[in-house]
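The values are calculated or read from the model by the stated rules, or taken from the named source; none is laboratory data. Small disclaimer: the values here were computed from a predicted structure and weren't measured. So basically every Cβ, Gly included, is an ideal-geometry build from the backbone, and we count neighbours across all protein chains shown.
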Amino acid sequence: MTALPNIDLDFTEQPAIPAAGVERANELMASGRLFRYGETGAGELDVAGLEATFAEMVGRRYCVAFNSCGASLAASLMAAGVTRGEPVLMNAFTLAPVPGALVHAGADPVFVGVTPDYLIDLDDLVSAAQRSGSRYLMLSHMRGHIADMDRVMDVADELDLTVIEDCAHTMGARWRGRPSGTFGAVGCFSTQTFKHVNSGEGGLLVTDDDDIAARAILLSGSYMLHEQHGTRPPTDVIERHRFTTPNLSMRMSALAAAVARPQLEVLEDRAAVWGDRYTRLAELLTADPRIRVPDRHADEQYVASSIQFSVDGLDESTMIAWLELAEDHGVHVKWFGRHEPVGFTSRYDHWRYATEQTLHATTAVLSGLCDMRIPLSMTPDDCIVIAEIIRGALSAMVAEFQ
């Protein structure tokens, strides 16, 4: 076996918060005014400014800021009219906050299969919708993989489904030039650390619908201070829902908004770096015929802060040994095929609070699916070393376990 190189790279490293964000955060901490609303002396409303800026960026009329993307997903379901116990369709390939948001909203998750390219299976979507009678689809653009949104929306229209887009991994991404999150009735974005904009935690809900926006504002926890929102529907729409919508105290803090807002200005530059590193890694990894990175559709303008690849046909012992050897040399890869959830990674059959469902084709896809972060600090030379470690470790473990 050829000796593997080592790499000293923090795969969780984040870029520094822009100076404007640090300065504003310090001003807020000095003043102690960290709550998004003010009764007297509120000054500049940071969260309202973020809402207005983001709504304009994606071309939606309304944006409502939440304390997490999961909270925004739950609120979007409630605001769109999901009732307790109602079935809601969702990708089987996603992360735990998504089914958690459905349960938070009182819904019953109905899992929809995914293709070998990690996209929602539209044939299974039709079957699941007809079987469950669901009126809603929570569509996850999981790890930034965007399905053919023209086909998705055609199927949704045929099935009379209200679509809510989980855009936790697609801030700044587009399909045929149209921003992710603007196809469905609602789009929800994340500002959690490791996403495209980092405020530690946070979520942004966008919509063009007056009633959904009104209910989302009230659900977020506006009290009677909804006029302090950067984007809001007419007062009479708020009045229509004011006495029937609970305050769930899920609003974003001024501090999180102050940190997040200036990062929107550098999102395009970040996307360019991620795109370059993704392309390099994909080419280097797929030089090994055992490793498959799905081809991306020409109309998908993705923002790839991570890369996913599949290695099929290995048993669990070989997979674990391979990834442990790579980790010993500095490369951290997550695997969706483990029987037990690890760290942030879990899969649909781990979520036993949902009605038990078995999707054999999806389980087969997940059994070989690997996931690796792309930090902005990763250099082109790092890509070469990382691929050498992954491929070399794979060869070593396959040889050992044969």
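Return the only residue of 281, 255 being aliphatic (A, V, I, L, M) and in the same structural domain as residue 39 (by TED's automatic domain parsing). Lay out the reasoning, then the answer.
Working: 281 fails: in the same structural domain as residue 39 (by TED's automatic domain parsing).
Testing whether each residue is aliphatic (A, V, I, L, M) and in the same structural domain as residue 39 (by TED's automatic domain parsing) leaves just 255.
Can you go through 355, 318, 362, 345 and tell me which one is hydroxyl-bearing (Ser, Thr, Tyr), over 18 Å from residue 6 (Cβ atoms) and crowded, with 21+ Cβ neighbours inside 10 Å?
On the way: 355 fails: crowded, with 21+ Cβ neighbours inside 10 Å; 318 fails: crowded, with 21+ Cβ neighbours inside 10 Å; 345 fails: crowded, with 21+ Cβ neighbours inside 10 Å.
Answer to the selection: 362.
Within segment 126-139, can one find any residue that is crowded, with 16+ Cβ neighbours inside 10 Å, in contact (Cβ under 8 Å) with a residue 24 or more places away in the chain and on the phi > 0 side of the Ramachandran plot? Walk me through how you get there before you give the answer.
The first filter runs over segment 126-139 and keeps only residues crowded, with 16+ Cβ neighbours inside 10 Å, leaving 128-129, 132, 134-139.
Restricting the remaining residues to those that are in contact (Cβ under 8 Å) with a residue 24 or more places away in the chain gives 128-129, 132, 134-139.
Pick out the ones that are also on the phi > 0 side of the Ramachandran plot and you get none.
Taking every residue of segment 126-139 in turn, none turns out to be crowded, with 16+ Cβ neighbours inside 10 Å, in contact (Cβ under 8 Å) with a residue 24 or more places away in the chain and on the phi > 0 side of the Ramachandran plot.
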Original post:
In segment 327-349, how many are of a type in the set (S, T, N, Q) and in contact with a strand residue (DSSP E or B) (Cβ under 9 Å, 6 or more places away or on another chain)?
Top reply: 1
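Conditions (1) in a helix (DSSP H, G or I); (2) free of Cβ contacts under 8 Å to residues at least 24 places away in the same chain; (3) not assigned by TED's automatic domain parsing to the domain that holds residue 201, marked per residue:
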| residue | (1), (2), (3) |
| --- | --- |
| 274 | yes, no, yes |
| 290 | no, no, yes |
| 303 | no, no, yes |
| 314 | no, no, yes |
| 318 | yes, no, yes |
| 322 | yes, no, yes |
| 325 | yes, no, yes |
| 337 | no, no, yes |
| 340 | no, yes, yes |
**OP:** Tell me which residues, restricted to segment 222-240, are without any contact (Cβ under 8 Å) to a residue 40 or more places away in the chain, surrounded by fewer than 20 Cβ atoms within 10 Å (Cβ to Cβ), farther than 16 Å from residue 49 by Cα and not acidic (Asp, Glu).
**Re:** 224, 234, 235, 237, 240
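Say whether the condition of being among the small types (Gly, Ala, Ser) and either more than 24 Å from the chain's Cα centre (by Cα) or in a helix (DSSP H, G or I) (or both) is met by at least one residue in segment 364-371.
If we filter segment 364-371 for residues that are among the small types (Gly, Ala, Ser), which is where we start, we get 364, 367-368.
Going one step further and asking which of them are either more than 24 Å from the chain's Cα centre (by Cα) or in a helix (DSSP H, G or I) (or both), we end up with 364, 367.
The answer is yes; a qualifying residue exists.
Residue 12 - would you say it is touching a Gly at 6+ places or on another chain (Cβ under 7 Å) and hydroxyl-bearing (Ser, Thr, Tyr)? Explain how you work it out, then say what you get.
Details: touching a Gly at 6+ places or on another chain (Cβ under 7 Å): no; hydroxyl-bearing (Ser, Thr, Tyr): yes.
Judged against the criteria, residue 12 is not a match.
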